[in-house]
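Note sheet for the following structure.
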Amino acid sequence: MANQADQIFVLLKHWIVSIFPAVVQPYLGVVLSVVAIIAVFPGLFALTTVIERKGLGRMQNRIGPNRTGPYGILQPIADGIKSLTKEDIIPTSADAVVHFIAPLVLVVAVFMGFAVLPMGRNMQLVDMDAGLLFFFAIGASTELSIFMAGWSSRNKYSLLGAMRAVAQMISYEVPLLMSSVAIVMITGSLSLVKIVDAQNQYTWGLPHWYIFTPWGFAAFVMFCIAATAETNRSPFDLPEGESELVAGYFTEYSGFKFALFFLGEYLGMFSISGLGTTLFLGGWSAPLQVLNFVPSWIWFFAKVMLSIVVLIWIRGTLPRLRQDQLMNFAWKFVLPMTLLNLFVAAIWRFMGEGLLRWIVCSAILIGVYVIVGTIGMRRKKFGPRTYRYAE
Amino acid sequence: MLGEGILKGLKETARNALGSYVSKERLTTVEYPEERLPLPEASRNFPFLVYDGTDWESGLRCVACQICEKECPPKCIYIEKSKDKKPDAVGKPQFYPAKFDIDISVCMSCQICVEVCPFEAIKMNTEFELSTDDRFEGLLLDGKELALSNEYYHQIHPTEAAEVDARLAAERAAAEAKAKAAAAAAVAKAAAATAAKSAAPAGAPATNTSAVPASTIPAGPTAQNSTGTPTAAATAPPASQNDAANADAPRAPKTDTKKEGDAS
């Protein structure tokens with residue numbers, strides 16, 4: 001029974017496919033999975049906008065939206081109707097074709113990332129051997145659409161936003177990859193399904209998630225920082241800093257295209273949260289062995305939503321960084337730490353079982369964190385400013 | 001330690017987010033259409049016309065003197081003075097505004113009309129929900145829309161309204177007392193004149209005795225009957241009222257002096 005609930009979507013898919021003739025069955029299976037992904041995640045996006053607005057409101061001691069439907073749940077529907085009925089403006093001097101294609105490219109690229117994420121036991125669109133690589137390759141192509149949007153708008157705010165976005169995303173792509181490489185080193189596979197399987201083991205009822213290892217925890221923290229920057233979320237929302245750049249690269253977008261950018265951004269959040277869940281939080285595996293009776297897909301979505309809530313929490317807490325702070329942080333702190341983490345992961349791999357590797361790995365990481373954090377990130381003490389005047 | 005401040009901040013926001021569910025004092029939001037904050041007494045938006053009694057047309061304090069129309073900086077008041085006169089709340093015949101419009105799309109809520117009005121007829125309203133789907137006619141308020149009762153005025157500006165009422169009552173009392181005194185003096189003078197004319201040989205004591213009962217008799221038309229002779233004294237006050245329609249208080253002394261001049 002528990003097994004059936006766990007596999008309900010897989011069984012449903014097989015049942016629907018079996019109705020049709022054998023020739024179309026393989027294609028139909030793929031189409032069904034794609035439709036499911038395309039239906040579920042925009043739904044989650046709608047839910048997330050409400051959670052975000054309510055949550056941010058509460059953090060600022062406001063109530064948040066509460067007019068449309070009970071507790072404002074129908075707010076995204078109202079927003080959707082609004083954005084659909086708004087005028088779609090293309091600036092006269094804009095490159096109309098690129099301007100039109102950019103939001104589509106973003107949404108399509110982001111949706112493709114979901115193809116390799118295992119959302120439950122046997123619930124993945126494709127089990128690719130190089131799933132992780134595919135995910136990052138697709139994730140990097142969102143930069144293209146952002147630059148297309150910024151460039152084609154022919155607006156200085158758009159262009160500045162796009163350039164900031166590209167600089168930021170390329171800078172943080174490196175630590176994002178580096179923190180994930182540690183997982184690949186330990187698991188020995190790029191397949192996300194295999195990575196989850198490797199974590200789906202229990203000792204004394206506790207899971208073998210990678211976050212519960214010194215190198216895994218460090219990698220998780222670095223991954224979170226890089227992922228937040230990668231999705232242009234606060235405190236790394238410089239590309240769309242509304243106080244500086246109106247709306248950044250989508251300044252010139254209105255109506256449904258604006259909504260598509262918004263959707264793309266949130267879908268990016270979901271996919272990167274899904275990846276983080278898969279790599280560090282055990283994917284669809286239950287947090288305790290006794291909780292294994294709960295369907296695996298519930299665990300996956302619960303973990304994704306939890307990370308979304310944490311992202312919202314961080315957004316409500318931290319102010320935006322300055323551009324130089326952003327770059328300093330990426331290149332002077334996050335990247336060295338991830339490189340060190342690769343080294344620590346290697347030590348962990350070759351020291352074998354035992355308490356000693358816990359102590360050694362933790363000591364290295366904490367020591368370097370303290371040293372880099374206190375010395376490397378120390379604010380430079382400038383003396384009183386002196387002025388030189390032309391004689 | 002790096003990241004310490006971030007954790008501190010996260011704790012603070014979490015405390016805020018959860019605390020707003022526990023203690024209602026944290027949520028300062030007033031959900032406007034359903035609940036609203038009481039307006040401060042000094043708040044004001046656009047002017048309205050005060051009327052006494054129950055009927056707005058007869059009770060309007062405005063006598064169409066048009067001072068506010070002239071003083072209005074953006075010129076948003078349009079008044080047409082009536083041809084005829086109607087009795088006001090106290091029964092005096094007065095001019096009244098045949099048309100009194102205020103264009104609140106032009107009005108800048110400066111309150112100058114209120115300050116210049118000698119009749120306490122125009123006051124500032126606190127009503128702010130004035131949105132309309134017609135931006136020309138809908139924002140041009142006519143006399144009927146502008147007229148609001150004195151009771152309403154007491155509701156929105158209790159202190160100010162009480163002061164105004166006290167002032168009006170005092171003015172009315174003073175005017176009445178003056179009119180009474182004037183009538184009494186006129187009667188006395190008339191009586192003295194007749195007494196002097198008819199009983200010249202009787203001398204000064206006779207005038208004194210006739211004057212004393214005349215002053216005790218209530219002022220007004222009854223005085224006419226008692227003395228019989230002074231028709232001029234009885235008819236003069238209403239006639240002079242017609243002349244000085246604009247002013248209420250200065251009327252009594254004016255008639256008095258005129259009367260005296262006539263008599264002498």
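The values are calculated or read from the model by the stated rules, or taken from the named source; none is laboratory data. Every value quoted in this text rests on a predicted model; they were computed, and no experiment measured them. Methodologically, a virtual Cβ is constructed for each residue, glycine included, from the backbone with ideal geometry; neighbour enumeration extends over all protein chains shown.
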> If A:Leu206 satisfies every condition in (1) in contact (Cβ under 8 Å) with a residue 24 or more places away in the chain; (2) in contact with a Pro (Cβ under 9 Å, 6 or more places away or on another chain); (3) buried (at least 17 other Cβ atoms within 10 Å of the Cβ) but one, which is the exception?
Replying inline: (3)
>> Cβ-Cβ under 7 Å, sequence separation 6+ or interchain: first residue in segment B:18-47 and more than 14 Å from B:His157 (Cα to Cα), partner polar (S, T, N, Q). Which pairs?
In response: B:Ser20/A:Asn61; B:Arg26/A:Asn61; B:Arg26/B:Ser20; B:Leu27/A:Asn61; B:Leu27/B:Ser20; B:Thr28/A:Asn61
> When A:Asn61 is evaluated against the numbered criteria (1) under 26 Å from A:Gly268 (Cβ atoms); (2) in contact with a helix residue (DSSP H, G or I) (Cβ under 8 Å, 6 or more places away or on another chain); (3) within 14 Å of another protein chain (Cβ to nearest Cβ); (4) without any contact (Cβ under 8 Å) to a residue 24 or more places away in the chain, which criterion, by number, is the only one it fails?
Replying inline: (1)
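What do you reckon, is A:Ala390 among the hydrophobic types (A, V, I, L, M, F, W, C), in a loop (DSSP other than H, G, I, E, B), more than 14 Å from chain B (Cβ to nearest Cβ) and out of contact with any Ser or Thr (no Cβ under 7 Å at 6 or more places or on another chain)? Don't jump to the end; show me each part of the working.
Details: among the hydrophobic types (A, V, I, L, M, F, W, C): yes; in a loop (DSSP other than H, G, I, E, B): yes; more than 14 Å from chain B (Cβ to nearest Cβ): yes; out of contact with any Ser or Thr (no Cβ under 7 Å at 6 or more places or on another chain): yes.
Yes, satisfied.
Conditions (1) of a type outside the set (Lys, Arg); (2) under 27 Å from B:Arg172 (Cα atoms); (3) at pLDDT below 85, marked per residue:
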| residue | (1), (2), (3) |
| --- | --- |
| B:Leu18 | yes, no, no |
| B:Lys24 | no, no, yes |
| B:Tyr32 | yes, no, no |
| B:Pro38 | yes, no, no |
| B:Asn45 | yes, no, no |
| B:Glu57 | yes, yes, yes |
| B:Cys65 | yes, yes, no |
| B:Glu71 | yes, yes, no |
| B:Lys75 | no, no, no |
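Residue by residue, here is whether (1) over 20 Å from the mean Cα position of the chain (by Cα); (2) not assigned by TED's automatic domain parsing to the domain that holds B:Pro97 holds:
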{"residue": "B:Arg135", "(1), (2)": "yes, no"}
{"residue": "B:Leu148", "(1), (2)": "no, no"}
{"residue": "B:Tyr152", "(1), (2)": "no, no"}
{"residue": "B:Asp165", "(1), (2)": "no, yes"}
{"residue": "B:Ala169", "(1), (2)": "no, yes"}
{"residue": "B:Ala173", "(1), (2)": "no, yes"}
{"residue": "B:Ala183", "(1), (2)": "yes, yes"}
{"residue": "B:Ala186", "(1), (2)": "yes, yes"}
{"residue": "B:Lys189", "(1), (2)": "yes, yes"}
>> Quick check on my filter: what residues within segment A:226-254 are surrounded by 20 or more Cβ atoms within 10 Å (Cβ to Cβ) and either on the phi > 0 side of the Ramachandran plot or in contact with a strand residue (DSSP E or B) (Cβ under 7 Å, 6 or more places away or on another chain) (or both)?
In response: A:Asn232, A:Gly248
> What are the residues in segment B:27-55 that are of a type in the set (D, E, K, R) and crowded, with 17+ Cβ neighbours inside 10 Å, if any?
Replying inline: B:Arg44, B:Asp52
> Can you tell which of B:Cys76, B:Cys72, B:Cys110, B:Cys68 is touching a Pro at 6+ places or on another chain (Cβ under 7 Å) and either within 14 Å of another protein chain (Cβ to nearest Cβ) or surrounded by 13 or more Cβ atoms within 10 Å (Cβ to Cβ) (or both)?
Replying inline: B:Cys110
> Can you name the condition, by its number, that B:Lys11 falls short on among (1) facing chain A (nearest Cβ under 10 Å); (2) basic (Lys, Arg); (3) under 52 Å from the mean Cα position of the chain (by Cα)?
Replying inline: (3)
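What residue, among those in segment A:172-231 that are of a type in the set (A, V, I, L, M) and not in a helix (DSSP H, G or I), is modelled with the highest pLDDT? Please lay out each step first, then the result.
Step one: list which residues in segment A:172-231 are of a type in the set (A, V, I, L, M), which gives A:174, A:176-178, A:181-186, A:190, A:192-193, A:195-196, A:198, A:206, A:211, A:218-219, A:221-222, A:225-227, A:229.
Those still in the list that are not in a helix (DSSP H, G or I) too: A:190, A:206.
Working: A:Leu190: 90, A:Leu206: 82.
Among residues in segment A:172-231 that are of a type in the set (A, V, I, L, M) and not in a helix (DSSP H, G or I), the one modelled with the highest pLDDT is A:Leu190.
Only one of these is under 30 Å from A:Phe250 (Cα atoms) and under 22 Å from the mean Cα position of the chain (by Cα): A:Arg164, A:Arg154. Name it. Walk me through how you get there before you give the answer.
Values: A:Arg154 fails: under 22 Å from the mean Cα position of the chain (by Cα).
That would be A:Arg164, the only listed residue that is under 30 Å from A:Phe250 (Cα atoms) and under 22 Å from the mean Cα position of the chain (by Cα).
Every residue, every condition in (1) assigned to a strand (DSSP E or B); (2) under 20 Å from the mean Cα position of the chain (by Cα), yes or no:
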residue: B:Ile79; (1), (2): yes, yes
residue: B:Lys83; (1), (2): no, no
residue: B:Asp101; (1), (2): yes, yes
residue: B:Cys107; (1), (2): no, no
residue: B:Glu145; (1), (2): no, yes
residue: B:Thr159; (1), (2): no, yes
residue: B:Ala162; (1), (2): no, yes
>> Regarding segment B:2-11, can at least one residue be identified that is farther than 25 Å from A:Gly64 by Cβ, touching a residue at least 24 places away in the same chain (Cβ under 8 Å) and not in a helix (DSSP H, G or I)?
In response: no
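Yes/no per residue for (1) surrounded by fewer than 17 Cβ atoms within 10 Å (Cβ to Cβ); (2) of a type in the set (A, V, I, L, M, F, W, C); (3) without any contact (Cβ under 8 Å) to a residue 60 or more places away in the chain:
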{"position": "B:Phe95", "(1), (2), (3)": "no, yes, no"}
{"position": "B:His154", "(1), (2), (3)": "yes, no, yes"}
{"position": "B:Ala161", "(1), (2), (3)": "no, yes, yes"}
{"position": "B:Lys189", "(1), (2), (3)": "no, no, no"}
{"position": "B:Ala192", "(1), (2), (3)": "no, yes, yes"}
> Restricting the first residue to segment A:306-320 and requiring it to be more than 15 Å from A:Lys54 (Cβ to Cβ) and more than 13 Å from every other protein chain (Cβ to nearest Cβ), which pairs with a second residue that is in a helix (DSSP H, G or I) and of a type in the set (A, V, I, L, M) meet a Cβ separation below 7 Å and a spacing of at least six or different chains?
Replying inline: A:Arg320/A:Leu238
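Among the aromatic types (Phe, Trp, Tyr) and more than 15 Å from B:Pro47 (Cα to Cα) - does that describe any residue in segment B:140-161?
Residues of segment B:140-161 among the aromatic types (Phe, Trp, Tyr): B:152-153.
This time we only want the ones that are more than 15 Å from B:Pro47 (Cα to Cα), so: none.
Within segment B:140-161, not a single residue is among the aromatic types (Phe, Trp, Tyr) and more than 15 Å from B:Pro47 (Cα to Cα).
Just wondering, is there one or more residues in segment A:87-107 that are within 14 Å of chain B (Cβ to nearest Cβ) and more than 24 Å from the chain's Cα centre (by Cα)?
Going residue by residue through segment A:87-107, those that are within 14 Å of chain B (Cβ to nearest Cβ) are none.
No, segment A:87-107 contains no residue that is within 14 Å of chain B (Cβ to nearest Cβ) and more than 24 Å from the chain's Cα centre (by Cα).
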